[in-house]
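Participant: The following block contains the structure, expressed as structure tokens.
The values are calculated or read from the model by the stated rules, or taken from the named source; none is laboratory data. None of these values were measured; they are calculated from a predicted model. Note that we place each Cβ from the backbone using ideal geometry, even for glycine, and neighbour counts take in every protein chain shown. Surface accessibility is based on the protein's heavy atoms, side chains included, excluding ligands, DNA and RNA. Shrake-Rupley method; radii C 1.70, N 1.55, O 1.52, S 1.80 Å.
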Amino acid sequence: MQKLTNVTVCGAGEMGGQIAMAAALNGYTVALYDINVDQLSATSSRLESLTNRFVEKGRYEEQVVKEAFSNLTFYNDLSEACAQADLVIEAIVEDLGAKRELFRQVSSLVDAGTVLATNSSSIVSSKLADSVSNPSRLLNVHFFNPALIMPLVEVVQGPHTDTEHVETAIEFARSLGKTPVLIEKEIFGFIANRVLSAIFDEAIYLKEQGVASVEAIDTAVKQGLNHPMGPFELLDLTGIDVNYKIKKLEAEDTGDAKDGPSRTLSELYEAGHLGKKSGRGFYEYKKGGK
């Protein structure tokens, strides 16, 4: 099993920023890369605000957070960000072409033994394998949002992935205080998101069939299954656009149109009703709540 010291995270969005901070809080030297300088600046401010709240709530000591920021460096030059990397985690846009190009560049910049991971839950690493040299070191390491809080990490072994690198990824997740689960066979959506997608699909089906209202279905799931949020509340929170695009990718992956977005999801997406972030999805939102 490989010893990891230096971690590079590519993509400074919400996920990438929090993955990078999780590693920095646990003693890793972390390089956070993004092509957009403004994105790096915004993420730095967001992480500072978030960790300050954690300190106020007693989740972390102030000194631990201070040391984490000293472990974290922001880059908009990929070669500089990858110069010392033992592990590179990709967390950019869910676009196969963009990911393939990034891994092609990263592969040319890092050592042959550097572990390469994609955070994607919809694009399996075998679709990226021919973009890198030595694909035996490439795998999915899927964090859940928000990455600083959610404990689960899905580690997916592709048919090309060496067991040694899988074990390294599992131990890395454990070192962050996460709970890794090994997925031994590639499948679209892995475990948690496949189960969640089935719940979303059934909830939308019940609504479209006029069986019950959005509010009634959410209440039944929360009160009957003890879920913290109903499926429609969760769809609005994660984003109608995110879920619409995932269903599009699923249909492409399976080659079956019935796996694509539902009529309701498509109508909301096309109308620009993207959930909480746009002020309207399955519910309407005002500042401070529904």
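Participant: May I ask you to derive the relative contact order of the chain, considering only C-alpha pairs under 8 Å and at least 6 residues apart, and to give it as an integer percent?
Facilitator: About 13 percent, as a whole number.
Participant: Report the trypsin sites (Lys or Arg not before Pro) located in the range 167-225 that are in a DSSP loop and have at most 16 other Cβ atoms inside 10 Å of their Cβ, or state none. Before the final figure, lay out the partial values.
Facilitator: On the way: sites: Arg174, Lys178, Lys185, Arg194, Lys207, Lys222; in loops: Lys178, Lys185.
Listed in order of number, the matching sites are Lys185.
Participant: Now, a different point. If I model the range 155-239 as equal point scatterers sitting on the Cα atoms and use the Debye formula, what is log10 I(q)/I(0) at q = 0.13, 0.16 Å⁻¹?
Facilitator: These q points yield log10 I(q)/I(0) values of -0.60, -0.75.
Participant: Less than 14 Å from a label point 7 Å out along the Cα-to-Cβ axis of Ala192: which backbone N atoms in the range 151-167 qualify, by residue?
Facilitator: Label zone hits: 151-156.
Participant: Still on this structure: What is the percent of Cα-Cα separations in the range 197-290 that go past 18 Å?
Facilitator: 44
Participant: Leaving out ligands and nucleic acids, note down the accessible area per residue over the chain with a 1.4 angstrom probe, in whole Å².
Facilitator: Here the residues of the chain average 49 Å² of exposed surface.
Participant: Stick to Cα atoms and the Kirkwood definition of Rh, then tell me Rg/Rh for the chain.
Facilitator: Expressed as Rg/Rh, it is 0.98.
Participant: Would you mind estimating how fast the range 91-185 diffuses translationally, via Stokes-Einstein at 20 °C and 1.002 mPa s with the Kirkwood radius over Cα pairs, in µm²/s?
Facilitator: 161
Participant: While we're on this one: Accessible area of the chain with a 1.4 Å probe: how many percent of it is carbon plus sulfur? Mind dumping the intermediate values first?
Facilitator: Values: 7060 of 14230 Å².
Carbon with sulfur: 50 percent of the solvent-accessible area.
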